[in-house]
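For reference, the structure is listed below as C-alpha cells.
The values are calculated or read from the model by the stated rules, or taken from the named source; none is laboratory data. Since this is a predicted model, take the numbers as computed values, not measurements. Neighbour counts are summed over all protein chains in view; Cβ atoms, including those assigned to glycine, are modelled from backbone coordinates with ideal geometry. Side chains are part of the model used for accessible areas, which takes the heavy atoms of the whole protein and leaves out ligands, DNA and RNA. Shrake-Rupley method; radii C 1.70, N 1.55, O 1.52, S 1.80 Å.
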Amino acid sequence: MIHTTVHFLAIETSCDETAAAVFTDEPAILSSVIASQTDLHARFGGVVPEVAARAHLQRLLPIVDEALRNAGVTLDQIGCIAVHHTPGLVGALLVGVSAAKMLAITLDVPLIGVNHVEAHIYAARLAAGRDIFPCVGMVVSGGHTALFHCPSALEFELLGATLDDAAGEAFDKVASILGLGFPGGPAVEREAAGGNARAFKFPRSFLRDSRLDFSFSGLKTAVLYAVHGQNLTEAKPVEAGPRRADLAASFQKAVIDVLVEKARQALLRMGLKRLAVGGGVAANRALRDALEQMTAEAGAELYIPPLTYCTDNAAMAAMAVERWRLGEFAPLDLDAIPAYSTKRRPS
Ligand code: KG4
Ligand code: ZN
C-alpha cells in the first residue's frame, strides 16, 4: 500500500512564545518557528497575560506563514491542525485555539487538541526519533514541575508534582532577588557558572521523603534571607561579584539535587530504565549533566531534547500524530482550559 504523507500544522500560544510548526505523520519536523515575547515582558519583570494575548494576536498568522514557507508546504497541503489548548494563560490560549479552529474549518481537515505539559515530554520522544515508552517523564517548566509514569505516548499518570512553585518559577524569582532580570533561568545559569555551589547551605525539600512531590518556595525564601537578612533589614540590591555567583550556584545546585533524586526514585519505584525530561529548565546545562550522570549510574537511558525543544515551541505538538493515528480528533467546540488537571497514580 502506498503511504501518502500527511502534513500537520501546529500552533502554540499558551504563555509568552508565539509558535508554529509543520511536521509529518512520521513524525518528522519540517519547520519550527518561535517568536519570543521576552522583550515585551522584561520591563514588568514577568509575563503580563493581556500583553501576551495581544502579542499572540498580532504575531500568530505571520508566524504560521513563516512556518509553512520554511517547511516548503502550502496551506492546502495541510491535512491536520494541532493546537496546545491546555494548560496556560486563558487569553493567550484562546488566540491559538480560535485560529486553529478557523484553519481546520476552512481547510476541512481534522483538529487535534494537545496538552502542553504532556507535549513537553513528547519533545523527548520527538528528539529520540523512535518510541521511548514506557518511561518515566519529568516536566520542569515555568508553570509545572511533575513526574509521570508514561506507559504510552498518550498516557500520563501523575507520580508527584510541586506543592508550590514550579522549578522554573523558582529560577525566575531567585533571578529577581539577585537582580539578574527576566527571564531568570538562563541568567541564573550564567551567574552560577562562576560560583561555588557549596558556599550556601540551602534546603532540599523532600529529598529523603518517599513522596515524589516537590516544594521550592522554602528554597526561594532561604535565598531571600541569605541576601537581605532574616528580617529583610538589608533590602538593597545584591551586587555583582563572587557572593552573587555563589548564591546563584548554591541555589541552582539545590534545585538540581532535588530534581535528580526524585527522578531517580521514580525510575526505581516504577522499575523503569528510561527517563524522558522536558520543559524550559531542562535547557539548563548543569541539570542535563547531573541527569546524565544519575541515569548512567542507574543503568537507565536519558531522553532529553535539544535546547530549542525544551523551552516552549509548537513542534512538540507532534504528539498530535499519536492521536491522529487513533482517530482522536477534537470537536469544533474545543475549549481553552487554563488549569492542568491529571490523574494521580494510586501509591
Ligand atoms: O517550558 P517553558 O519555556 O515555559 C513553560 O511552559 O512554563 O519554561 C520556561 C521556564 C522559565 O521559568 C525559565 O526561567 C526556565 O524555564 N528556563 C531555565 C533555563 N532556560 C529556561 N531554567 C534554568 N536554566 C535554564 N537554562
Ligand atoms: Zn512550556
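Taking 0.36 nm per residue of sequence separation and subtracting the Cα-Cα distance, how much length would be gained by fully extending the chain between Thr233 and Met102, in nm to one decimal?
Full extension from Thr233 to Met102 adds 41.6 nm.
Expressed in nm to one decimal, what extension gain is obtained for the pair Arg198 and Leu75 from 0.36 nm per residue of sequence separation less their Cα-Cα distance?
Working it through step by step, the gained length comes to 38.8 nm.
Computed FRET efficiency, Cβ-Cβ of Gln58 and Ile2, R0 35 Å: what is it to the nearest 0.05?
That gives a FRET efficiency of 0.25.
Once the dipole of region 129-240 is set up with Lys and Arg at +1 and Asp and Glu at -1 on Cβ about the Cα centre, which of Ala166, Ser141, Ala197 lies farthest towards its positive end?
Going by the Cα projections, it comes out as Ala197.
On a full-extension model of 0.36 nm per residue, what is the gain between Ser152 and Ala128, subtracting their alpha-carbon distance, rounded to one decimal in nm?
7.2 nm
Give the calculated FRET efficiency between Phe44 and Ser347 to the nearest 0.05, with a Förster radius of 45 Å applied to their Cβ-Cβ distance.
FRET efficiency, Phe44 to Ser347: 0.65.
Return the loop-located trypsin sites (Lys or Arg not before Pro) in region 110-182 (DSSP other than H, G, I, E, B) with at most 14 other Cβ atoms within 10 Å of their own Cβ; answer none if there are none.
Within region 110-182, the qualifying trypsin sites (Lys or Arg not before Pro) (loop, at most 14 other Cβ atoms within 10 Å) are Arg130.
Rounded to whole Å, give me the distance from the Cα center of region 45-95 to that of region 212-277.
Answer, in whole Å: 33.
Write down the percent of antiparallel bridges among all DSSP beta bridges whose residues are both part of the chain, to the nearest 5.
55
How large, in percent, is the carbon and sulfur part of the accessible surface of the chain at a probe radius of 1.4 Å?
54
What is the chain's relative contact order, in percent, from Cα pairs under 8 angstrom and six or more apart in sequence?
Normalised by residue count, the contact order of the chain is 23 percent.
Pairs on different chains or at least eight residues apart, Cα atoms closer than 18 Å: how many lysine pairs in the chain fit?
Going through the chain pair by pair, I get 9.
Would you mind getting the accessible area per residue of region 220-281, heavy atoms of the protein chains only, 1.4 Å probe, in Å²?
43
Dividing the convex hull volume of the alpha carbon atoms of the chain by its residue count, what do you get in Å³ per residue?
About 139 Å³ per residue, rounded to a whole number.
How big is the antiparallel share of DSSP beta bridges in region 131-306, given as a percent to the nearest 5?
Taking every DSSP beta bridge within region 131-306, about 55 percent pair in antiparallel fashion.
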